[in-house]
Structure formats: structure tokens, C-alpha cells
Amino acid sequence: MRMLRALLPLLLLGMAILPGTGSAGASTPVPMDVYRAWLVNSNSGYCLAASESPGEQPVVQTGCSGEVVDWSIVDLAGTDRHSIDTAYGPLRCVAARGTTESQAVATDCWQGYDDQVWHITHNYSNNTYQFRNVNSKLCLAARGTSMGTPAIQTTCGAWADQWWWIYPE
């Protein structure tokens with residue numbers, strides 16, 4: 001079982017790079033409601049993670065194991081607006097404060113705060129997703145390929161560090 005758990009990220013990575021459906025390069029906003037999924041950065045291959053420490057904490061990329069990398073993507077009222085919530089422990093949401101490039105954080109969830117709400121765009125050509133913050137209009141990214149690299153919000157583009165595979169558990 002441990003061997004299977006260790007190989008799972010590699011198997012999923014192989015599945016994620018298969019061509020998706022739809023027209024090549026097309027990007028479309030999507031409604032989505034996923035419970036317990038990994039968000040894997042397409043640049044680094046690492047998972048988005050929330051610290052287990054209390055209070056507002058930076059969101060970072062790390063190895064894809066343990067509860068700290070389990071997220072729920074919650075569809076807000078059948079729209080293309082979503083929250084990215086921890087799927088374990090106390091409920092916390094990914095937020096991006098302000099309207100300039102800044103660090104993403106996991107914080108207490110409060111309905112109505114646009115810095116905790118994200119539009120999700122699906123790129124069918126490589127089956128990745130981009131998360132654009134409703135408040136700032138900036139995208140969730142993890143620059144670099146090192147474990148522990150903080151997630152940020154930055155100007156949206158086609159850069160691999162802004163695109164994520166979603167792997168339901």
C-alpha cells in the first residue's frame with residue numbers, strides 16, 4: 001500500500017499530461033465542486049499546501065502527501081466563482097490580499113470576502129486550471145521549483161507556474 005501511495009503522484013502526473021478534450025489551447029471558465037483534491041503546480045510538480053499552524057499562514061508548495069495538501073474546491077452558488085478550502089482540520093480558505101503581487105495565505109473563511117473567491121479557467125489542451133482572484137484579478141502561482149516556495153498572486157498569463165492540475169483523491 002505504501003508503494004502504491006508513493007507511486008500515485010507519478011501515475012497521476014502521467015495521466016495529466018495526456019491531451020485533454022476540446023480545442024487545443026482553449027481556455028474556459030468552469031463551474032466545479034470537488035471534495036478532497038490535490039492542486040499540483042504544472043511548473044514544479046509540487047502540491048499546494050496549508051500550514052497546520054493556527055492563524056493566517058502562507059500557502060506553499062510541497063511534496064504531495066499528508067492532509068496539508070488536501071483541498072476542497074467549492075462552487076459558490078452554481079457560478080464560476082469558487083473558494084479553495086482546506087479539506088482537513090479547521091476550515092480555512094486560500095486568500096490573496098490586496099490588488100498587487102503578494103503572498104497567498106490560508107485564513108479563516110468568511111463569505112462575502114472577494115479576496116477568498118476565485119474564478120477557475122480550464123485549459124483543455126493540457127488539462128490544467130488557472131485560479132484568478134475575484135478581488136485582485138491576479139492569478140495564483142508558485143514561482144520556482146523548490147519545496148516550501150510560497151504561493152503568490154501575480155499578473156495572469158500562460159506561464160506554467162500559474163497553471164495547476166487538480167487530482168481528486
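The values are calculated or read from the model by the stated rules, or taken from the named source; none is laboratory data. This is a predicted model, so every value here is computed, not measured. Here the Cβ positions follow ideal geometry from the backbone for every residue, glycine too, while neighbour counts run over all protein chains shown.
Per-structure values
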read-out	value
Filter result (among the aliphatic types (A, V, I, L, M) and over 22 Å from residue 77 (Cα atoms)) within the range 141-169	141, 142, 147, 151, 152, 158, 160
Residues satisfying the stated conditions in the range 90-124, i.e. closer than 17 Å to residue 39 by Cβ and of a type in the set (Gly, Ala, Ser)	95, 96, 104, 106
Residue count for the range 84-107, restricted to those that are within 18 Å of residue 70 (Cβ to Cβ) and surrounded by fewer than 16 Cβ atoms within 10 Å (Cβ to Cβ)	3
Subset tally (residues that are assigned to a loop (DSSP other than H, G, I, E, B), over 13 Å from the mean Cα position of the chain (by Cα) and surrounded by 18 or more Cβ atoms within 10 Å (Cβ to Cβ)) for the range 136-155	3
Residue identified as touching a helix residue (DSSP H, G or I) at 6+ places or on another chain (Cβ under 7 Å), at pLDDT below 95, among the charged types (D, E, K, R) and more than 17 Å from residue 119 (Cα to Cα) among 52, 56	52
The range 65-75, subset crowded, with 16+ Cβ neighbours inside 10 Å and more than 14 Å from residue 148 (Cβ to Cβ), residue modelled with the lowest pLDDT	75
Answer residue from the range 123-135, given it is surrounded by fewer than 19 Cβ atoms within 10 Å (Cβ to Cβ) and in contact (Cβ under 8 Å) with a residue 40 or more places away in the chain and is farthest from residue 64 (Cα to Cα) among those	134
